[in-house]
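Notes follow once the structure below has been shown.
The values are calculated or read from the model by the stated rules, or taken from the named source; none is laboratory data. Because the structure is a prediction, the values reported are computed rather than measured. Here the Cβ positions follow ideal geometry from the backbone for every residue, glycine too, while neighbour counts run over all protein chains shown.
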Amino acid sequence: MEFKLTEEQQALKKEYDDFFREEMKAAPSEFRQNSLEAIYGTVEGWEFHRHMQKKLAEKGWLTMAWPKEFGGREAPIIEQLIFSEVHAYYRAPGIDGFGMGMFAPTLMLFANEEQKERLLGPIGRGEVNYCQGWSEPNAGSDLAALTTTAIKEGDHYVVNGQKVWTTGAHRADRMFLLARTDPSQRRSSGLSVFNVDMSTPGIEVRPIHYMDGKHLYNEIFLTDVIIPEYDLIGSENEGWKSTRATMNFERSGVGSFASAKRMLEELLEYVKTTKRGGKFLYENPVVRQKLAKLYIDIERGRALAYKVAWNQEKEKFLLSATGASASKVFGSELFQRITNFATEIMGMHGQLNSSKWAPLGGVMSGGYQWCMGMNIAAGSSEIQRNIIAWVGVGLPRFK
Ligand SMILES: Cc1cc2nc3c(=O)[nH]c(=O)nc-3n(C[C@H](O)[C@H](O)[C@H](O)COP(=O)(O)OP(=O)(O)OC[C@H]3O[C@@H](n4cnc5c(N)ncnc54)[C@H](O)[C@@H]3O)c2cc1C
């Protein structure tokens, strides 16, 4: 594989770089640390996200790799990768990770023609934002244990149950929901996927606040919620198949390695300008070794994510579970290694998050607190390794 960008690709990268550098000057200060917290956690952050979503849609950058029939221009996957890397590097908003990143490719693979026509347009134009209605109080890693039911009555389904940890549900227009359509069947059999309008009567969103009051996550209570039959995605009781594809879309991605690169660059600046005991931190051999190791890991992770994307192009949007899980577990644990090491060498000040004394504007201490959740969200590290052992390494499945 040729890793060097062509002149044309370099010009594209420069265009994206120039755009985000300029646009992010107007971003609320929360985006300095963590774009997801900034998007869902504050009104200003959400407004800025919507503003950027519109701009990216106008430029055609949300759908560049989509098939032409759905409003894309079938750009080569490398262009999409360059864009995603630059977008993540600047901690920029404007992309709905749930609608654009997970549900749209699922729709392309599993929805009927009417649904593609009706649902993909608003996502591609950045008009709607989704949330992910999967986890329940007794169904997280073991998602197939979920008990929310969707029972068919005439031309609609009646939904009852509870979801939890639903990121951004308080801002979302729609949700992709996984529910049990056949309660007589167990586990992954008898589940179905639905497109749900969040303003439907019977949907109650309750916040789960951070200790400091921030609000990103929610519980959702569903009581006699009516979903029209035309919003069932794919065949009834066959929802597990499409959900497994959606999981892989969630887990792949070069964004985490581009964010890691940005953090490493910030850390390098810190060690070059900060002294301990009369010497710059970069003069410490242990610091140098650890930074070199992080650099190698970022390059390794990036190559892994590129490989996943390459496979995706070959397989027409379907993703290999092994590649997606490997990219997810390596990316989230790498982020943890960077922030652990950074807060370690920053000493007491490294614990500060929002103070003028916080090194690098608190980005490392914020990341240190955030990384625990990253190793659980989208399937914990243990679950990713189980998948790799089973599907990738070929070990017998351990139930
Ligand atoms: C930041 C964040 C955002 C989230 N956003 C959403 C969202 O938007 N929508 C949504 O539906 N869900 C969301 N979730 C929920 C997430 O999918 C679940 O937390 C995750 O799947 C783990 O489930 P659990 O929390 O119930 O933990 P459990 O499944 O109870 O796991 C507890 C521990 O046991 C381990 N474990 C469980 N099973 C096994 C096994 N078979 N082998 C080895 N170890 C095992 C796990 O690794 C973990 O360490 C989010 C979670 C987080 C942290």
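Values computed for the structure shown
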| item | result |
| --- | --- |
| Pairs, first farther than 22 Å from Tyr295 by Cα in the range 265-281, second exposed (fewer than 15 other Cβ atoms within 10 Å of the Cβ) and of a type in the set (Gly, Ala, Ser), C-beta under 9 Å, six or more apart | Arg276/Gly347 |
| 1 or more residues more than 23 Å from the chain's Cα centre (by Cα): qualifying helices (runs of 4 or more DSSP H) within the range 303-399 | 321-346 |
| Tally, over the range 55-83, of residues that are of a type in the set (Ser, Thr, Tyr) and either surrounded by fewer than 17 Cβ atoms within 10 Å (Cβ to Cβ) or more than 18 Å from the chain's Cα centre (by Cα) (or both) | 0 |
| Residues of the range 223-258 satisfying the condition of being over 28 Å from Lys328 (Cβ atoms) and among the hydrophobic types (A, V, I, L, M, F, W, C) | Val225, Ile226, Ile227, Leu232 |
| Exclusive hit being among the small types (Gly, Ala, Ser), within 16 Å of the ligand (Cβ to nearest atom) and surrounded by fewer than 17 Cβ atoms within 10 Å (Cβ to Cβ), set Ala169, Ala145 | Ala145 |
| Qualifying residue in the range 271-285 (condition: assigned to a helix (DSSP H, G or I), outside the structural domain of Arg32 (by TED's automatic domain parsing) and hydrophobic (A, V, I, L, M, F, W, C)) | yes |
| Matching residues in the range 361-379 - criterion: being more than 17 Å from Arg337 (Cβ to Cβ) and near the ligand (Cβ under 9 Å from one of its atoms) | Ala377, Ala378, Gly379 |
| Flag if Met102 is within 16 Å of the ligand (Cβ to nearest atom), assigned to a helix (DSSP H, G or I) and either touching a residue at least 40 places away in the same chain (Cβ under 8 Å) or not acidic (Asp, Glu) (or both) | yes |
| Cβ pairs under 7 Å, 6+ apart, first in the range 126-137 and among the aliphatic types (A, V, I, L, M), second more than 6 Å from the ligand (Cβ to nearest atom) | Val128/Gly99; Val128/Pro122; Val128/Asp173; Val128/Arg174 |
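Residues checked against (1) under 25 Å from Glu85 (Cα atoms); (2) surrounded by fewer than 22 Cβ atoms within 10 Å (Cβ to Cβ); (3) in contact (Cβ under 8 Å) with a residue 40 or more places away in the chain; (4) in contact with a Lys or Arg (Cβ under 6 Å, 6 or more places away or on another chain):
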| site | (1), (2), (3), (4) |
| --- | --- |
| Asp212 | no, yes, no, no |
| His215 | no, yes, yes, no |
| Ile226 | no, yes, yes, no |
| Glu236 | no, yes, yes, no |
| Ala260 | yes, no, yes, no |
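For (1) surrounded by 15 or more Cβ atoms within 10 Å (Cβ to Cβ); (2) in contact with a helix residue (DSSP H, G or I) (Cβ under 6 Å, 6 or more places away or on another chain); (3) of a type in the set (Lys, Arg), each residue gets a yes or a no:
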{"position": "Glu153", "(1), (2), (3)": "no, no, no"}
{"position": "Arg186", "(1), (2), (3)": "no, no, yes"}
{"position": "Val205", "(1), (2), (3)": "yes, no, no"}
{"position": "His209", "(1), (2), (3)": "no, no, no"}
